[in-house]
Structure formats: C-alpha cells, structure tokens
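A short write-up of the structure that comes next.
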Amino acid sequence: MEEFLKSTTTIESEHPRIRALARELTSALEAPRDKVLGLFAFVRDEIPYNVFMISMHEDDFRASFVLEAGKGYCVQKAVLLCALSRAAGIPCRLALTEIRNHRIPAKLFERLGRNVFPGHAYNQFHLDGRWISAAATFDAGLCARVGVPTVEFNGEQDAMLPSKALDGSPYIEYLEHFGHFADLPLAFITERTAKIWGADKRSWQSPEDDTGYPRSKS
C-alpha cells in the first residue's frame with residue numbers, strides 16, 4: 001500500500017502547495033471518506049475540464065502545474081486528485097481506459113476525426129479495505145451546459161462517467177480497460193495520444209482555447 005502513498009515526479013504529494021491545499025480542504029474533516037469527497041469535489045469543479053490541455057510532456061502533468069493552470073484534461077485532473085489524496089494520507093492510484101464520447105462537440109469531432117479517446121484516466125481510492133473508483137473528469141458547470149449527468153461520488157460506490165445523457169441518448173462508452181498504476185504511465189499514454197495530437201503537443205494555456213464545448217457565462 002506504501003506505493004500508493006508515495007510522492008512521484010508528477011504525483012507531487014509532497015509539494016508544498018499540494019500539501020497546503022490538501023490540509024485546507026480536509027482540515028475540518030476526520031473520516032477518510034469525507035476527506036476524499038472534499039478533494040474529489042474540488043478537482044471536479046474547481047479545475048474545469050479542457051481537452052486542449054492534453055500534452056506529451058511530463059512537466060505538463062505535474063500536479064503543481066495543473067493546480068497553477070486551473071484547468072486540465074482527464075489525466076491531469078486525475079494526477080492532481082491522486083496527489084491531493086496521498087497528501088491527505090489516503091492511498092490512491094490511477095486507472096486508464098479507452099472511451100468513446102458520443103457527445104463531443106461537432107467542432108471537436110471535425111478537428112480530431114474521431115470520438116474515441118485512447119488515454120482516459122480516473123482515480124481509485126483505498127477506503128474501508130477496498131478500492132473504489134471515481135472520475136472527476138467533467139466539472140458540474142460543463143455537464144449542465146451540455147446536458148449530461150454530473151458524476152456524483154459518495155465514497156462507497158464507484159462513480160464512473162455515465163453511459164447516457166440526460167435526454168437518454170448515448171454518452172460515454174468504456175471500450176477497453178488498461179489497468180491501474182501507482183505512477184503516471186506517461187509513455188503508455190503518449191504512445192496512443194500522439195497519434196491524434198502529434199508528438200510535440202503541449203498544454204494550451206491561452207484564454208483563446210476553444211474546445212467547442214459551450215462556455216460558461218461567467
């Protein structure tokens with residue numbers, strides 16, 4: 001279990017900012033489950049999803065970088081949540097899958113030529129003697145704007161991306177599971193994503209980023 005509490009190059013659970021934030025978010029909470037719920041809610045909603053944060057470079061996956069950027073795509077958000085969980089003393093690992101998103105914006109589908117994402121990541125927390133999965137990928141605001149359910153996590157059951165949108169149409173389809181990892185398997189991810197985005201892709205941090213998803217009015 002020690003490997004799932006360890007700080008790594010990207011899962012920076014010993015980074016001062018990560019430790020300070022973990023303390024801030026969990027200081028009033030005692031039960032590990034409640035701490036996880038607080039951390040999950042923060043990463044889900046306070047780090048908005050942005051697909052153009054995808055990168056092939058390790059520095060763009062560091063938990064401190066994602067926190068500073070204030071946005072991220074699924075893998076970056078999972079790395080940040082993993083770091084926060086470990087900083088709070090709760091074992092956490094990454095899980096990787098391939099998914100099909102039936103509701104990506106037409107503009108993004110036109111750009112990518114596909115709706116399959118071969119390097120989707122989410123988290124698994126060790127609570128009450130077992131591993132529980134949760135995907136903090138899409139923030140509640142984005143979910144409301146595109147008409148899909150927000151992933152709600154109670155710390156007792158797995159909370160994965162839903163298969164149906166609010167109108168009953170297809171949403172997320174899990175195609176293949178690649179297992180779980182104590183550290184970020186960057187080479188494994190970039191081998192697949194570079195074919196879509198290019199081998200030199202860096203995170204786009206400019207305010208002009210346009211994912212094709214509806215923007216918040218704020």
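What are the pairs, 6+ residues apart or on separate chains, where a residue within the range 78-97 that is in a strand (DSSP E or B) has its Cβ under 6 Å from a residue that is charged (D, E, K, R)?
Sorted first by the residue in the range 78-97, then by its partner, the pairs are C92/R86.
State yes or no: is A31 at pLDDT 95 or above, under 18 Å from P91 (Cα atoms), surrounded by fewer than 18 Cβ atoms within 10 Å (Cβ to Cβ) and out of contact with any Ser or Thr (no Cβ under 6 Å at 6 or more places or on another chain)?
Considered against the rule, which asks whether it is at pLDDT 95 or above, under 18 Å from P91 (Cα atoms), surrounded by fewer than 18 Cβ atoms within 10 Å (Cβ to Cβ) and out of contact with any Ser or Thr (no Cβ under 6 Å at 6 or more places or on another chain), A31 comes out as yes.
Could you list, in sequence order, all residues of the range 98-117 that are assigned to a loop (DSSP other than H, G, I, E, B) and touching a residue at least 60 places away in the same chain (Cβ under 8 Å)?
The answer is H102, R103, I104, P105, R114.
Filter the range 1-25 down to the residues that are touching a Leu at 6+ places or on another chain (Cβ under 7 Å) and in a helix (DSSP H, G or I) and list them by number.
Residues satisfying the conditions are R17, I18, L21, A22, L25.
If a residue must be surrounded by fewer than 21 Cβ atoms within 10 Å (Cβ to Cβ), part of a strand (DSSP E or B) and either touching a Ser or Thr at 6+ places or on another chain (Cβ under 6 Å) or charged (D, E, K, R) (or both), how many such residues does the range 123-159 contain?
1
Please go through the range 1-25 and give me each residue that is buried (at least 23 other Cβ atoms within 10 Å of the Cβ) and either on the phi > 0 side of the Ramachandran plot or not aliphatic (A, V, I, L, M) (or both), ordered by number.
T10, E12
Only one of (1) under 17 Å from Y49 (Cα atoms); (2) assigned to a loop (DSSP other than H, G, I, E, B) fails for H120. Which number is that?
With respect to (1) under 17 Å from Y49 (Cα atoms); (2) assigned to a loop (DSSP other than H, G, I, E, B), H120 is out only on (2).
The values are calculated or read from the model by the stated rules, or taken from the named source; none is laboratory data. None of these values were measured; they are calculated from a predicted model. With ideal geometry, Cβ positions are generated from the backbone for all residues, glycine too; neighbour counts draw on all protein chains shown.
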